[in-house]
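Notes to accompany the following structure.
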Amino acid sequence: MQVSRPGAVLSGLLVSGVLAAACSAGSALPATTTTPSRTVVTRTSTSSVPAPTDLSTTSTTKGSSRPSTRQARLVPLPPPAPLRPFAGSGGQGVWHPAGRLVQGHPAVYETTLVPPGSSSAAGIAWMDPHLLRAQLYSGSSSPGGTGWKYTAPVLPAAARSLVAAFNGGFKFPATEGGYYSEGRLVYPLRVGGASFVIYRDGTATVGQWGRDVHMTNQVVAVRQNLTLLVDHGHAVAGLNPGDTSVWGAPLGGVPDVWRSGVGVTKDGALVYVTGPRLEITQLAALLVRAGCVRAMTLDMNPDWTVFATYRPPTATGQAAPSNGSDLVPGTVQGPYTFFEAWWARDFFTMSAR
């Protein structure tokens, strides 16, 4: 059910106009902070956001003065090092390539770890930003609305480069944050909110809004969800394994349920984690063990967590449910989910550059 918030929608529409004007002028986009009575628009510097990576090289075609553009040879990050298992959990933490190759290189690696105090393995996926482009897909129920260019189902043109896809965050307003995509500010962005940010060059990161990440003319999407779960390479203070409210409402009021999270490592790789029977301290421990310096929660409960990779028979073949694989067996959703028009929640795709 879509939550109606007239005040937030109105302020979102007003700020969207400012965002559009900033884009057309080529200037930095505004960040927003909200107070109970009004929306305040402030300017931020663009210096904290790196310039987009040039993924093509320009050369001159022989016999012609007209330059031609060819794809640059992509340089992948080094593969992730094996993860040290938690005490008593056995032989976990060995990475395996997953999904289609990008210029002959694995772009996604997967492994499992049993978190401390559990007997159930969680899945961990590592994604190389040098080889992959991120895209936020918007849902009709989350964040809501119609007219989105990127929404389920993934279309054939996008399926030809699709490598992986995974779930977004909580439904609004439970996210306690904002949502910006395709030039539309659906919910105001909250200073201090944990944010998955996608830039114009397809790179993505996770950070605290207003500190690590800001609105600039290079930002194309921001998905916020609660506050950071991991910061400076450590789980944030005050986590309670019995929590059933601060970090989301678990099904049946039981704290150890399907949960998911995403983070960024010190070299810029993205890491996704999901698993059954995870309470919040275990999710944080897995993200830290996987090397995240900052991480945030994504959706939770059995119906909403999903990570799938796709490996069609040819390098540019179409991704499809038939060539998709689940990160963790037993999830309600699966490789088919992102190809279904009825899927009404936001999600992320990672595609070959």
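If we scan the stretch 120-130, do we find a residue that is within 30 Å of MET215 (Cβ to Cβ), modelled with pLDDT under 50 and not in a strand (DSSP E or B)?
Filtering the stretch 120-130 down to residues within 30 Å of MET215 (Cβ to Cβ) leaves 125-130.
Now narrow it down to the ones that are modelled with pLDDT under 50: none.
Looking for residues that are within 30 Å of MET215 (Cβ to Cβ), modelled with pLDDT under 50 and not in a strand (DSSP E or B), one finds none in the stretch 120-130, hence no.
List the pairs whose first member sits in the stretch 268-286 and is touching a residue at least 40 places away in the same chain (Cβ under 8 Å), whose second member is of a type in the set (S, T, N, Q) and assigned to a strand (DSSP E or B), and whose Cβ atoms are under 6 Å apart, counting only residues at least 6 apart or on separate chains?
Note: pairs meeting the criteria are THR274/SER260.
Criterion first (in a strand (DSSP E or B) and crowded, with 21+ Cβ neighbours inside 10 Å) does VAL154 satisfy it?
Working: in a strand (DSSP E or B): no; crowded, with 21+ Cβ neighbours inside 10 Å: yes.
Here the answer is no, as VAL154 does not meet what is asked.
If you check every pair at least six apart or on different chains, which have Cβ atoms under 8 Å apart with a residue in the stretch 97-120 that is closer than 14 Å to PRO85 by Cβ first and a residue that is among the polar types (S, T, N, Q) and modelled with pLDDT of 95 or more second?
PRO115/GLN282; PRO116/GLN282; GLY117/GLN282; SER118/GLN282
Looking only at residues that are over 19 Å from the mean Cα position of the chain (by Cα) and not hydrophobic (A, V, I, L, M, F, W, C) in the stretch 107-142, which one is surrounded by the fewest Cβ atoms within 10 Å (Cβ to Cβ)?
Filtering the stretch 107-142 for residues that are over 19 Å from the mean Cα position of the chain (by Cα) and not hydrophobic (A, V, I, L, M, F, W, C), the one surrounded by the fewest Cβ atoms within 10 Å (Cβ to Cβ) comes out as SER119.
Please specify each residue of the stretch 295-347 satisfying the condition of being touching a Leu at 6+ places or on another chain (Cβ under 6 Å) and not small (Gly, Ala, Ser).
MET296, THR297, ASN301, PHE307, TYR310
Which residue out of THR227, THR244 is hydroxyl-bearing (Ser, Thr, Tyr) and in contact with a strand residue (DSSP E or B) (Cβ under 9 Å, 6 or more places away or on another chain)?
None of the others qualify; the one that does is THR227.
Would you check if there is a residue in the stretch 220-227 being surrounded by 21 or more Cβ atoms within 10 Å (Cβ to Cβ) and either over 15 Å from the mean Cα position of the chain (by Cα) or modelled with pLDDT under 95 (or both)?
No: the stretch 220-227 contains no residue that is surrounded by 21 or more Cβ atoms within 10 Å (Cβ to Cβ) and either over 15 Å from the mean Cα position of the chain (by Cα) or modelled with pLDDT under 95 (or both).
Being in a loop (DSSP other than H, G, I, E, B) and either β-branched (Val, Ile, Thr) or crowded, with 19+ Cβ neighbours inside 10 Å (or both) is the filter here, so list the residues in the stretch 157-187 that pass it.
Selection gives SER161, GLY168, GLY169, PHE170, LYS171, PHE172, THR175, GLY177, GLY178.
The values are calculated or read from the model by the stated rules, or taken from the named source; none is laboratory data. Computed from a predicted structure; not experimentally measured. When we count neighbours, we look across all protein chains shown, and the Cβ atoms used for this are built from the backbone with ideal geometry, even at glycine.
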